[in-house]
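Peer 1: Got a structure here, written out as structure tokens. Questions coming.
The values are calculated or read from the model by the stated rules, or taken from the named source; none is laboratory data. Computed from a prediction, not measured in an experiment: that's the story for all the values here. Note: ideal-geometry Cβ built from the backbone for every residue, glycine included; neighbour counts use all protein chains shown. Calculation scope for accessible area: heavy atoms of the full protein, side chains included, ligands and nucleic acids excluded. Shrake-Rupley method; radii C 1.70, N 1.55, O 1.52, S 1.80 Å.
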Amino acid sequence: AEYMGASTLPLSPLSGPSAVAPGLTGADDIDVASLPPTIGITVATDASGRGVTVTNVVRDSTAFLAGLRVRDVIERVARRPTPDKARFLDVMDTVAHVGVVLPMVVRRGAPGSKATTIHVEVDAAM
């Protein structure tokens, strides 16, 4: 499950003359507030049952810039436990709003390894 809010948009930025959607005259016409929030990751339920495993991180996304990497396990978001993918998505739908910085408790490495807190800013999916 990829966290990009209620709808899925392309992960790669648009470029060149065809970058503007039909009917728009330029990027200034896009209402960023209406775009779904994203942090640029895809997750799956971790076998440990203690979190979600990051299965993909979009390069240069806010998650990537904050230090999240593939195989990291996110155990909590904004103090809320995320024991599985469904709960993670529920929590993100509740707390992820564009511009909000979310504290995430992340474990990297083998089960039982020390967890750390990473702060990830929620961005608008473009």
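Peer 1: State whether the residues of segment 109-122 include one that is open to solvent by 80 Å² or more (accessible area, probe 1.4 Å), assigned to a strand (DSSP E or B) and touching a Ser or Thr at 6+ places or on another chain (Cβ under 6 Å).
Peer 2: Yes, segment 109-122 contains at least one residue that is open to solvent by 80 Å² or more (accessible area, probe 1.4 Å), assigned to a strand (DSSP E or B) and touching a Ser or Thr at 6+ places or on another chain (Cβ under 6 Å).
Peer 1: Give the number of residues within segment 81-107 that are of a type in the set (Asp, Glu) and within 16 Å of ALA47 (Cβ to Cβ).
Peer 2: The qualifying residues number 1.
Peer 1: Just checking, how many residues over segment 47-100 are more than 16 Å from THR117 (Cβ to Cβ), of a type in the set (Gly, Ala, Ser) and in a helix (DSSP H, G or I)?
Peer 2: Within segment 47-100, residues that are more than 16 Å from THR117 (Cβ to Cβ), of a type in the set (Gly, Ala, Ser) and in a helix (DSSP H, G or I) number 1.
Peer 1: Also, quick follow-up: Hey, can you tell me all the residues within segment 98-108 that are closer than 11 Å to ALA66 by Cβ and open to solvent by less than 40 Å² (accessible area, probe 1.4 Å)?
Peer 2: Listed by number, the residues that qualify are LEU102, MET104, VAL106.
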